[in-house]
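Chemist: Would you mind keeping the following structure in view while I ask a few things?
The values are calculated or read from the model by the stated rules, or taken from the named source; none is laboratory data. Since we're looking at a predicted model, the values are computed, not measured. Positions of Cβ are generated from backbone atoms using ideal geometry, with glycine treated the same way; all protein chains shown enter the neighbour counts. When the accessible area is computed, the model is the full protein with side chains, heavy atoms only, and any ligands, DNA or RNA have been set aside. Shrake-Rupley method; radii C 1.70, N 1.55, O 1.52, S 1.80 Å.
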Amino acid sequence: MEYYAKPLAKKLTDRLAGIMPIQKYWPLLAALLSLILNSPPIPAQTQPANSVTVIRAGKLFDSESGRLLDHPVVVVKGNRVESVGSGNITAPAGARVIDLGDATLFPGFIDVHTHLTMDAGSSGYESLGVSVPRSALTGAKNARITLLAGFTTVRNVGADGYSDIALRDAINAGDVVGPRMQVSGPPLGISGGHCDSNLLAPEFHHAAEGVADGVDAVIHRVREEIKYGADVIKFCASGGVFSKGDNPLLEQYSPAEMLALITESHRLGRRVATHAHSALAIKDAVRAGVDSIEHGIFLDEEGIALMKQHGTFLVPTSYPLYWFEENAPSMHMPPWVMEKAAIIIPAAKKNMAIAFRSGVRVALGTDAGVYPHGQNGGEFWSMVELGLSPLQALQAGTVNAAELMGWSDRVGVIRKDMLADIVAVKGNPVSDVRLLQYVQFVMKDGVVYKDEISAPAVGAK
């Protein structure tokens with residue numbers, strides 16, 4: 001870094017000297033140089049195809065069988081897993097060896113419900129001042145945070161102005177550090193519903209970008225979202241918590257509109273996720289063929305039976321229930337949010353516990369953006385708190401999530417030919433699932449982005 005910083009410092013001082021008294025502005029220059037020198041390095045975005053890395057650890061979570069394997073040795077070549085073994089496997093000549101001691105290896109975690117272009121607390125009137133370019137830059141920040149939290153793959157379900165599509169493309173191009181993404185663009189919804197913007201006065205005649213009413217309009221919106229790059233279609237089947245003037249107990253789209261939306265999405269090769277709180281909205285969406293129910297707050301016994309019959313995934317987003325209870329009083333949320341949350345939270349905890357016991361298929365989603373990014377690992381704990389076993393929760397955040405995304409051929413498991421997305425934590429999270437809230441080793445595509453286990457301590461000789 002010094003090689004680049006010294007010439008840069010000279011250029012900056014020369015430039016500043018020509019336009020302003022350098023002594024007066026030296027503190028500003030010094031602060032800028034400190035930022036440059038102290039910024040954490042960003043590793044290369046690709047690994048040479050013939051580079052070999054050998055990772056040793058205490059245990060490995062086999063997400064397909066749901067078992068822990070002892071003394072794993074994982075050989076990574078380029079951005080793929082070359083082999084998985086155990087014991088005293090000899091590292092190939094020239095290979096980089098990473099010894100993680102007694103740590104446990106996992107496939108890179110997957111979060112199928114994020115809002116990377118949003119920050120917690122931005123749901124009230126202050127959200128009206130957030131531009132699409134600002135949202136995209138917020139997404140770049142949160143993408144890095146999410147990757148370093150151990151989530152190497154995410155599905156972003158809802159972002160204004162297709163800002164999440166820009167973020168996905170920037171990550172794929174290597175311009176921004178972050179997880180691999182599937183993205184939805186603006187979520188679809190009815191006029192005045194949860195996916196509309198209901199904060200402006202009538203004279204503005206404003207509607208959110210994803211608003212579509214009626215079968216023809218819904219089909220048009222699906223096609224337009226795909227035209228602009230959406231990987232998945234997200235729509236709002238019911239009211240929500242953070243929106244003004246709607247009711248989470250009521251259905252929004254009609255069954256005919258849902259059927260048209262989902263049929264057209266599937267015809268064009270896109271899976272569909274729906275925000276659904278009300279029991280009726282959940283059931284109508286499942287009957288129409290939706291791939292996943294997001295939140296599912298008022299899921300009832302009939303809805304559970306339908307989901308099991310259709311193989312529909314539940315994405316419970318349960319950690320925000322606990323986080324919001326603890327932090328909402330200090331966030332100065334709008335009154336309509338607090339009123340709805342008082343009803344939503346206890347119902348969600350009760351119904352998620354019933355759904356988990358019933359054997360509904362579960363994929364991990366966090367709703368990060370409602371609460372701070374980087375705390376995604378808390379979802380493992382909250383799902384266990386509500387009744388999943390630690391191993392079931394881990395499968396929800398690996399193989400199940402990969403299946404929901406249609407990416408079972410590349411992520412969600414550590415085995416030969418899969419993408420080299422590997423994370424690790426010290427100790428055994430099956431015994432203490434809270435350990436997953438702080439991941440110490442992150443590899444994505446064969447590139448190590450974080451290693452706080454094998455690297456020597458700062459200042460060590």
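Chemist: Considering only region 286-299, state which residues are aliphatic (A, V, I, L, M) and closer than 16 Å to Cys195 by Cα. Write out each step before concluding.
Modeler: Filtering region 286-299 for residues aliphatic (A, V, I, L, M) gives 286, 288, 290, 293, 297, 299.
Once the filter is applied, which keeps residues that are aliphatic (A, V, I, L, M) and closer than 16 Å to Cys195 by Cα, region 286-299 yields only Ile293.
Chemist: Quick one: is Gly374 within 20 Å of Asn327 (Cα to Cα), open to solvent by less than 10 Å² (accessible area, probe 1.4 Å) and in contact (Cβ under 8 Å) with a residue 40 or more places away in the chain? Don't jump to the end; show me each part of the working.
Modeler: Values: within 20 Å of Asn327 (Cα to Cα): yes; open to solvent by less than 10 Å² (accessible area, probe 1.4 Å): no; in contact (Cβ under 8 Å) with a residue 40 or more places away in the chain: yes.
In short, no.
Chemist: Counting just the residues of region 306-322 that are under 13 Å from Val370 (Cα atoms) and in contact with a helix residue (DSSP H, G or I) (Cβ under 7 Å, 6 or more places away or on another chain), which one comes out least open to solvent (accessible area, probe 1.4 Å)? I'd like the intermediate steps shown before the answer.
Modeler: Our first condition is that a residue be under 13 Å from Val370 (Cα atoms); within region 306-322, this holds for 317-322.
Narrowing the set further to residues that are in contact with a helix residue (DSSP H, G or I) (Cβ under 7 Å, 6 or more places away or on another chain) leaves 318-319, 321-322.
Details: Ser318: 0, Tyr319: 30, Leu321: 15, Tyr322: 45 Å².
If we take residues in region 306-322 being under 13 Å from Val370 (Cα atoms) and in contact with a helix residue (DSSP H, G or I) (Cβ under 7 Å, 6 or more places away or on another chain), then Ser318 is least open to solvent (accessible area, probe 1.4 Å).
Chemist: Just the residues that are in contact with a helix residue (DSSP H, G or I) (Cβ under 6 Å, 6 or more places away or on another chain) and over 13 Å from Thr366 (Cα atoms), please, taken from region 144-162.
Modeler: Hits for region 144-162 are Asp160, Gly161.
Chemist: Which members of region 335-350 meet the condition of being surrounded by 15 or more Cβ atoms within 10 Å (Cβ to Cβ), of a type outside the set (A, V, I, L, M, F, W, C) and at pLDDT below 95?
Modeler: The answer is Lys340, and nothing else.
Chemist: Please state which of the following conditions His332 fails to meet, knowing it meets all the rest: (1) closer than 24 Å to Pro107 by Cβ; (2) in a loop (DSSP other than H, G, I, E, B).
Modeler: (1)
Chemist: List, please: which pairs have Cβ atoms under 7 Å, are six or more places apart or on different chains, and start with a residue in region 207-226 that is under 15 Å from Pro187 (Cβ atoms) and assigned to a loop (DSSP other than H, G, I, E, B) and end with one that is of a type in the set (D, E, K, R) and open to solvent by 30 Å² or more (accessible area, probe 1.4 Å)?
Modeler: Cβ pairs passing all conditions: Glu209/Asp160.
Chemist: Let me ask something additional. Look through region 351-366, keep the residues that are open to solvent by 20 Å² or more (accessible area, probe 1.4 Å) and outside any helix (DSSP H, G or I), and return whichever of them is nearest to Met307 (Cα to Cα).
Modeler: Arg361
Chemist: Determine which member of the set Asp169, Asp119, Asp175, Asp164 is of a type in the set (Asp, Glu), modelled with pLDDT under 95 and either surrounded by fewer than 22 Cβ atoms within 10 Å (Cβ to Cβ) or out of contact with any Cys (no Cβ under 6 Å at 6 or more places or on another chain) (or both). Outline the logic, then answer.
Modeler: Working: Asp169 fails: modelled with pLDDT under 95; Asp175 fails: modelled with pLDDT under 95; Asp164 fails: modelled with pLDDT under 95.
When all the criteria are applied, what remains is Asp119.
Chemist: Taking the residues in region 253-305 that are farther than 14 Å from Ala355 by Cα, touching an Asp or Glu at 6+ places or on another chain (Cβ under 8 Å) and among the hydrophobic types (A, V, I, L, M, F, W, C) as candidates, determine which candidate is most open to solvent (accessible area, probe 1.4 Å).
Modeler: Leu280
Chemist: I've got another one for you. Between a residue in region 419-443 that is without any contact (Cβ under 8 Å) to a residue 24 or more places away in the chain and open to solvent by 10 Å² or more (accessible area, probe 1.4 Å) and any residue that is small (Gly, Ala, Ser) and assigned to a loop (DSSP other than H, G, I, E, B), which pairs come within a Cβ distance under 7 Å, given they are 6 or more apart or on different chains?
Modeler: Leu435/Gly427
Chemist: Could you tell me whether region 317-329 includes any residue that is within 16 Å of Gly239 (Cβ to Cβ) and either in a helix (DSSP H, G or I) or not polar (S, T, N, Q) (or both)?
Modeler: no
Chemist: Any residue that is β-branched (Val, Ile, Thr), over 29 Å from Pro48 (Cα atoms) and over 17 Å from the mean Cα position of the chain (by Cα) - is there at least one of those in region 430-442?
Modeler: Taking region 430-442 as the starting set, the residues that turn out to be β-branched (Val, Ile, Thr) are 430, 433, 439, 442.
Filter again for over 29 Å from Pro48 (Cα atoms), leaving 430, 433.
Going one step further and asking which of them are over 17 Å from the mean Cα position of the chain (by Cα), we end up with 430, 433.
Yes: one or more hits.
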